[in-house]
1. Divide by every residue of the chain the summed helix terms, -39500 (n - 2.57) for each DSSP H run of at least 4, and state the resulting mean residue ellipticity at 222 nm, rounded to the nearest 500 deg cm²/dmol.
2. HN-Hα J couplings of the stretch 254-266 from phi, Karplus 6.51/-1.76/1.60, θ = phi - 60°, integer Hz, Gly and Pro as x?
3. At a probe size of 1.4 Å, how large is the accessible area of E140, to the nearest 10 Å²?
4. With all protein chains present, how much of the accessible area of the chain (probe radius 1.4 Å) comes from carbon and sulfur, to the nearest whole percent?
5. With label points built 7 Å along Cα→Cβ from the Cα atoms of E37 and E254, find their separation and express it in nm.
6. For a quick check of understanding: with a 1.4 angstrom probe and all protein chains in place, what accessible area in square angstrom does E56 have, to the nearest ten?
7. Using the Cα atoms of the stretch 102-147, I'd like the radius of gyration and the largest Cα-Cα distance, Dmax, both in angstrom.
8. Apply the Karplus parameterisation 6.51 cos²θ - 1.76 cosθ + 1.60, with θ equal to phi minus 60°, to every residue of the stretch 221-234 and state each ³J(HN,Hα) to the nearest whole Hz, in sequence, with x for glycine and proline.
Amino acid sequence: MRSAGAPEDPSVRFEQVLAPVVFNKHLTGDYWLIEVETPDIAGRLSPGQFVNIRIEGSLAPYLRRPFSVYRVSPDRRRLQVAYKLLGEGTRLMKSTMPEGGVCDVLGPFGRGFRLPENARRIAVVGRGIGIAALPTLVDEAAKRGIEVHGFLSARTTPNLVALDIFASHGFPVVTHTDEGSRGLVTDDLAILARKLEFDAFYVCGSNRLARAVHALAENRNALAEIAMEQHMACGFGDCHGCVVQVNLDTGGREKAFREVCHYGPVFDTWEIVDASA
């Protein structure tokens, strides 16, 4: 267990790159996928870290927007960001960053996921755009020979992203949608966890799912981590715009406020679950 509230490694540098756009295309449902050439960032990025993107030549939005890195190319020269068309910023990403254009990228930032030494099997749980934080972890686990079970949830079937990534590794996935499923996708995880032993659990995209994952992991004394979703304008803790309350001990007796970009975005679930009143 790492100490509560431990920030990212200060020795890790970040870079600003006007990265050539390899492609910027529709992914599925409401989501688009942009790939950029940026070996200085992709080469050092760890699963769970993020980048900040600025709309070049525009003051709208005024601040950079944080995005999980969806995937890194095998040669670690390119990275992908999956984004949902929500507001003016993402609409401008779609329209102003065509193939052959440039993307103003800053990163890598934050504290990423940990894979336990000698882990054999892990579970990853994602909801909506939170799923986009998980593929780098899935790829790294596959590289290490770790079996991954996916439990993914979204409003509609077209908004279930990354199914092809799990399939490419031969990893099983359970899916839930608001239009056709009952309960939570973690209900299926709880049933499977009675039959299989999981060495670690990872979650992003839903507080309800985070609480369920935390309870499962706590009962098994297993590692459980959550990738937090916050507006992280600067990316390195100076603007203090992404502060959340965290637990400093597993019992929740001591609490503090921490910048998600600097101390996260990945936290142990016990640091986050029930930390806020």
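1. Calculated at 222 nm, the ellipticity per residue is -5500 deg cm²/dmol.
2. After applying 6.51 cos²θ - 1.76 cosθ + 1.60, I find 10, 10, 7, 10, 9, 6, 5, 5, 9, 9, x, x, 9 Hz.
3. 40
4. Carbon and sulfur together cover 49 percent of it.
5. For E37 paired with E254, the spin-label model returns 5.0 nm.
6. Near enough 100 Å² of accessible area.
7. Calculated on Cα positions, Rg and Dmax stand at 13.0, 41 Å.
8. 6, 10, 5, 9, 10, 10, 8, 7, 10, 9, 6, 10, 5, 8
The values are calculated or read from the model by the stated rules, or taken from the named source; none is laboratory data. All figures in this text were calculated on a predicted structure; none of them were measured in a lab. Neighbour counts run over all protein chains shown; Cβ positions are idealised from the backbone, glycine included. Surface areas here come from the heavy atoms of the whole protein model, side chains and all, with no ligands, DNA or RNA. Shrake-Rupley method; radii C 1.70, N 1.55, O 1.52, S 1.80 Å.
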